[in-house]
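What follows is a short report on a single structure.
The values are calculated or read from the model by the stated rules, or taken from the named source; none is laboratory data. What you are looking at is a predicted structure, and each value in this text was computed from that prediction instead of being measured. Reconstructed Cβ throughout: ideal geometry from the backbone, glycine too, with neighbour counts over all protein chains shown.
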Amino acid sequence: MSGAEAWVIVVFASVVTYASRSVGIWFLADREVPVVVERALRHVGPAVLAALVASIAAGDGGSWPSIDVPELSALAVAAAVAWWHRNVLWSLSAGLVTFWLLLAVVG
Amino acid sequence: MPFVPDERSGPIDWEAVRDMVPLCIPAVPFGLVVGLAMSESAMPLAAGQTLSTTVFAGAAQLATVSLAGIASWWAVVLAVAVINARHVMYSAALAPMFREQPLWMRLISPMVLVDQQFALMSMYPSDDPRSVRRYYLTAGIGFWVVWQLTTAIGIVVGPAIPAGLRLGFAPAVMFTGLVVLSIRTSSTPRAAAAAAIAAAVVSGASVGLRDRLGILLGALVGVIVGSVVESRDRALS
């Protein structure tokens, strides 16, 4: 690919990304949003983050049932620790340790 | 006026630093992987590293550097648009927080509105505009700096990371903790849990869709299911 083409990609990718991150702030911040929409937007957090987790866990081009024991166990442990301790660092550490231990065992 | 330090506590919100550090940890190996991909890409290194500065989104950057040279430029841009479309929901969900923010804050903030930043802000109380601003900028700019450094380092040391550690999975573990926290701190935990479960099932089932469209699909279904459960719970109570 030519250098010029690479920079065209960089410019457009940056603009598109900035647009997606600013559109809600610019158009909704000064507006009264209907209660139904405001309630729906409160569920964006858990929904998008959970969708991200599932997408990463299911892997590249894989399908849902392909998720293995180490992955599932790591996520379950991370969820449980986050529930009890309400601390992301503890949750992450416990999840990763579980993941690596099981990877070493299962292979 | 931008960046006027708060007389009482200075420009840096240490609470934001404390909250952001655990979210930075899995981003470091991810940034190294992105840097490694940049070093192997058909794209010039300077262009790849500029993506870290202005696009600042791991998944979209990975897609860009791996598609560059294979797909046409507009196909690459389209892939970035689809992968980053979830940010529209982030900025819509956080909009009330910007009601009392000045123009410069509204212009800068979208630059750092990444997944981790949204997760933090969606759990932050939005009553005081000044503290929202300090918290947002400290966490966002801090994370941005970490990302610049790790992707740059990744270009050099990426090839030395053992593939057996499967570090690409670390972000999934971290986001799981954040999902659970967002359910626990929600004012409607039942609806939030329903939203998360529905989103995960749909996203996982549609992972075969191109450009990770499944994330968007799952998120939309999750938001709808959460809203339905919430209005049912309200009707019953």
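The number of residues in segment B:221-233 that are facing chain A (nearest Cβ under 9 Å) and surrounded by fewer than 19 Cβ atoms within 10 Å (Cβ to Cβ) comes to 2. Restricting segment A:94-107 to residues that are surrounded by 18 or more Cβ atoms within 10 Å (Cβ to Cβ) and at the interface with chain B (Cβ under 10 Å from one of its Cβ atoms), the residue that is farthest from B:Phe175 (Cα to Cα) is A:Leu103. Among the residues examined, A:Ala6 does not qualify as assigned to a helix (DSSP H, G or I), more than 7 Å from every other protein chain (Cβ to nearest Cβ), modelled with pLDDT of 90 or more and surrounded by 15 or more Cβ atoms within 10 Å (Cβ to Cβ).
Across segment A:80-93, the qualifying residues are those that are buried (at least 20 other Cβ atoms within 10 Å of the Cβ) and facing chain B (nearest Cβ under 7 Å), and the one among them that is nearest to B:Leu167 (Cα to Cα) is A:Leu92.
Being under 24 Å from A:Leu96 (Cβ atoms) and among the polar types (S, T, N, Q) is a property that holds for B:Ser203. A single entry from B:Ser39, B:Ser66, B:Ser91 fulfils the requirement of being at pLDDT below 85, of a type in the set (S, T, N, Q) and either at negative phi or in contact with a Pro (Cβ under 6 Å, 6 or more places away or on another chain) (or both): B:Ser66. If we scan segment A:15-30, do we find a residue that is under 16 Å from the mean Cα position of the chain (by Cα) and modelled with pLDDT of 95 or more? Scanning segment A:15-30, I find at least one residue that is under 16 Å from the mean Cα position of the chain (by Cα) and modelled with pLDDT of 95 or more, so the answer is yes. Exactly one residue among B:Arg232, B:Arg212, B:Arg184 is of a type in the set (Lys, Arg) and within 16 Å of B:Phe30 (Cβ to Cβ), and that residue is B:Arg212.
Among residues of segment A:43-72 being assigned to a helix (DSSP H, G or I) and more than 7 Å from every other protein chain (Cβ to nearest Cβ), the one that is modelled with the lowest pLDDT is A:Pro65. Within segment B:186-204, residues that are free of Cβ contacts under 8 Å to residues at least 12 places away in the same chain sit with their Cβ atoms under 6 Å from residues that are of a type in the set (A, V, I, L, M) and part of a helix (DSSP H, G or I), at 6+ positions apart or across chains, in these pairs: B:Ser186/B:Ala192; B:Pro189/B:Ile183; B:Ala193/B:Ile183. Those helices (runs of 4 or more DSSP H) of segment B:118-219 in which 1 or more residues are within 7 Å of chain A (Cβ to nearest Cβ) and surrounded by 19 or more Cβ atoms within 10 Å (Cβ to Cβ) occupy B:170-184, B:189-205.
Working only within segment B:182-226, note down all residues that are touching a Phe, Trp or Tyr at 6+ places or on another chain (Cβ under 8 Å) and small (Gly, Ala, Ser). Scanning segment B:182-226 gives B:Gly204, B:Ala205. Scanning segment B:42-73 for residues that are surrounded by 23 or more Cβ atoms within 10 Å (Cβ to Cβ), of a type in the set (S, T, N, Q) and facing chain A (nearest Cβ under 10 Å) turns up B:Gln61, B:Thr64.
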